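Novice: I'd like to ask you about the structure that follows.
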Amino acid sequence: MTTSVCRRSVGIDTTRGHMLTEAAHTGIATIAAIPVTPSRRFGTLHSMYASIAAALTVLSSFSVALAAPAARVAGVTPATAALSADEFPEEWFWRIGSAGPAHKAMTGKAPPTLALRGWIGKDAELAPLRQGDLFKTLKGKVIVIDFWATWCGPCRKALPENAQMMKDLGSKGLVVIGVHDSERGSDTMEKVATAAGVEYPLAVDDAGKSAKAWKVGFWPTYAVIDRAGILRAIGLQPQHVRAVAEKLLAEPTPAAGPNLAKPLTNPSLAPTESSTATPPAVPATDSAANKSARIPREMLEGDGTRRGKLAKFDQCPVASDLSPVTAWTNTALAANGGPNAEAAVNPELSLKGLKGKVVLLDFWATWCGPCIAAVPKLNALQRKYAAEGLVVIGVCRPDGGEKMLSTVKAKGIEYAVCIDVKGEVNSAYKVDSYPDYYLIDREGRLRGADINAATLEEAVKLILAEK
């Protein structure tokens, strides 16, 4: 599927049928592999280009425009990002030209300032946004910034989705702000937005200062800022913005303190006891907010692609049921902490029945060497933390499952095990290697998907500590 963005045009290469975009830092014209479409006027073109433009419309849905020269940044590499730039899958982003590495370099840092004028929206919502530091005002919210323009087809197409996202998630702490291109089209901004059902605040970029600061190289450019005021993603494709917003909304609101979005550089400006601060939308507590948070990223395995596949689990949903599994063994330990492989009857366990316990799922296989090597460690965890409420469950792959009981006896497995006969549970949890560890809290919520073996005990202790 061809994705669509807008860039300001400067001409067409008739020999290759590509847009020519200007590399502003050198002044040299370079070829960008962006198909041309007549949905954007290119200025006064010679008639010989007309047939080329018409033919190219069949190949692409792109609206084309060129970024402001200041949006071209050279020499920026992803390694400069303060937080991991691969937190979300790379395929969720447009990495076009030099804006791509520039956006990666911005990830994990305080966002640039926004210079805005011509606000449109509800007076009650706009009043606080006009007062000084916008990000300080909105601290505790998850903020989506949409750099857009009325002349940009993909921008207009995404507006109804933005409006629906705001309606669905606004009560959870989401704020959407539309920043319109400074050069043209802002005179119809309100009309276009109203027709799309947009009710969130809109403003016009003041003389292009915001696009310059945010390295906007194409439209729409989406950026998402977390509750602590940190830029977590920029350059997102419209269809992935909601997933990022939902993930960040699931994270706890930071405790009151210095504004992370704008680190203090002048000690004389530090807040005093008499300073008036805007409270977070959702007050931080020692229970509800923290208990809904995924365990720290450093305790989890997987690169950006892998973590992207597990993104829904980062929102700590209720864990998928274990009802498809069979051949339960050692289940008596869930009640008394002791092995029971020889019991005549091993009752089935369920996550509902284990509510109040912390459950560690070990996805394993009888033919998996690392799985077998991990048995002593898992036995030790079960013995050490059973009294605190830990229940370890080994979910065995179907291939080799006929050897499960003999393996339990031969290797001295002391925790409950079962067979995922049809692989349904493996599929539900998106298991991709063995062993894979998943941690479920006392409320039955999945708090860690694909935990690193090296930090497994630390993760267990973290969740057990929540009473």
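The values are calculated or read from the model by the stated rules, or taken from the named source; none is laboratory data. Since the structure is predicted, the reported quantities are computational estimates derived from the model, not experimental observations. Please note: Cβ atoms are built from the backbone with ideal geometry, for glycine as well, and neighbour counts cover all protein chains shown. Keep in mind that these areas ignore ligands, DNA and RNA; they rest on the heavy atoms of the full protein, side chains included. Shrake-Rupley method; radii C 1.70, N 1.55, O 1.52, S 1.80 Å.
Novice: Which residues, taken from the stretch 235-251, are open to solvent by less than 10 Å² (accessible area, probe 1.4 Å) and over 11 Å from the mean Cα position of the chain (by Cα)?
Specialist: GLY235
Novice: Still on this model: Quickly run through the stretch 130-159 and pick out the residues that are touching a Phe, Trp or Tyr at 6+ places or on another chain (Cβ under 7 Å) and either more than 21 Å from ALA193 (Cβ to Cβ) or modelled with pLDDT under 90 (or both).
Specialist: ARG130
Novice: Next question. For residues in the stretch 444-462 being open to solvent by 50 Å² or more (accessible area, probe 1.4 Å) and part of a helix (DSSP H, G or I), which is nearest to LEU378 (Cα to Cα)?
Specialist: GLU457
Novice: Oh, and also: Among the listed residues LYS141, LYS212, which satisfies the condition of being touching a helix residue (DSSP H, G or I) at 6+ places or on another chain (Cβ under 8 Å), open to solvent by 10 Å² or more (accessible area, probe 1.4 Å) and touching a residue at least 40 places away in the same chain (Cβ under 8 Å)? Quick ask: steps written out before the conclusion?
Specialist: Details: LYS141 fails: touching a helix residue (DSSP H, G or I) at 6+ places or on another chain (Cβ under 8 Å).
Unique residue meeting the criteria: LYS212.
Novice: For the condition open to solvent by less than 30 Å² (accessible area, probe 1.4 Å), in a strand (DSSP E or B) and touching a residue at least 60 places away in the same chain (Cβ under 8 Å), what is the one hit in VAL408, VAL395? Break it down into steps so the answer makes sense when it comes.
Specialist: Details: VAL408 fails: in a strand (DSSP E or B).
After applying the criteria, what remains is VAL395.
Novice: Any chance you could count how many residues in the stretch 358-373 are surrounded by fewer than 20 Cβ atoms within 10 Å (Cβ to Cβ) and within 31 Å of the chain's Cα centre (by Cα)? Steps first, please.
Specialist: Going through the stretch 358-373, the residues surrounded by fewer than 20 Cβ atoms within 10 Å (Cβ to Cβ) turn out to be 367-370, 372-373.
Now drop any that are not within 31 Å of the chain's Cα centre (by Cα), which leaves 370.
Selection size over the stretch 358-373: 1.
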